[in-house]
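Here the structure is laid out as structure tokens; the discussion comes afterwards.
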Amino acid sequence: MKWEGGRRSTNIEDRRGMSAGTIGGGGIGMLLLVLAVSCITGTNPLALLQIVEQAQPEQQTQSVPTGAPTGDPAAEFVAVVLADTEETWTRVFSAAGKRYQEPVLVLFEGSVRSACGGASAASGPFYCPSDQKVYLDLSFFRELDKRFGAAGDFAQAYVVAHEIGHHVQTLLGINRQVQEAQQSGGSRAGANALSVSLELQADCFAGVWGNHASKKSLLDEGDVEEGLSAAAAIGDDRLTGGRVSPESFTHGTSEQRVRWLKTGLQTGDINACDTFRSTTR
Ligand SMILES: [Zn+2]
């Protein structure tokens, strides 16, 4: 990606080097929540959706976004990608007569507190709808490379854009609708299917951003393939070594994730991202 020299978002809260304090207050419930907040690595976000309503927002240290520190390439890269998502989504929203509220991205190390509870780096990057913040430990990018073999800056950008996709879903009220549908009863398999649709839509939204980025010639040759291989690498079936049953899918298969990221990339249109209605999800 051609990101150097790009505008850096100031909506970055750098909590690295800060202690998250004890992740306490909820016992086993909180532990479940910690397990649940995992977004991109594929632990079940369904539980999070159900618990989030009841979870009491934790005492937040009121930190003000300060932007990424200079001379820190990994953080600067994230700040440039975030800024670009801000521009893309502001444009998409205003074309629809809506206003895009920019989210804050929290950089953390080790463990972190969010309005959705505490989380550790092991659970991967996640978005918390209650405080509308994306939480990211940069070590996940090394993990992405080492464990999933998805190297490259566009693969990293895709991860950020996927989490931003969840923010877009929150602003559009899609998160809430899914949560209500899941709480109104129905089968576990049905609730899981909704979770998969939500995840695949976030992938598609990441693609919509990628489409706009490619129009601005931010992308290098091979970037799209890089994003697609990242999407393929973190499908639920890959993560569990192929031993999955459809009921336990929460993010979608590699094939589904690639297909929806591609849909967003090719169309650049959020209306093409109706993963809920699509019969060929
Ligand atoms: Zn997700």
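Derivation of every value follows stated rules applied to the coordinates shown; laboratory data play no part. Note that the coordinates shown come from a computational prediction; the quantities given were computed from them, not determined experimentally.
Of all DSSP-defined beta bridges confined to the stretch 81-201, some 65% are antiparallel rather than parallel. The value obtained for the stretch 103-211, namely the Cα convex hull volume divided by the number of residues, is 113 Å³ per residue. In this structure, the amide hydrogen of Val106, modeled 1.01 Å from its nitrogen in the peptide plane, lies closer than 5 angstrom to those of Glu13, Val134, Tyr135, Leu136, counting only residues at least 5 positions away or on a different chain. In a fully extended conformation the segment linking Glu4 and Asp269 would gain 92.7 nm over its present Cα-Cα distance, using 0.36 nm per residue. Among rounded, prolate and oblate, which fits the stretch 141-201 when a ≥ b ≥ c are the square roots of the eigenvalues of its C-alpha gyration tensor, a/c under 1.5 means rounded, and a/b larger than b/c means prolate? Here the stretch 141-201 falls in the oblate category.
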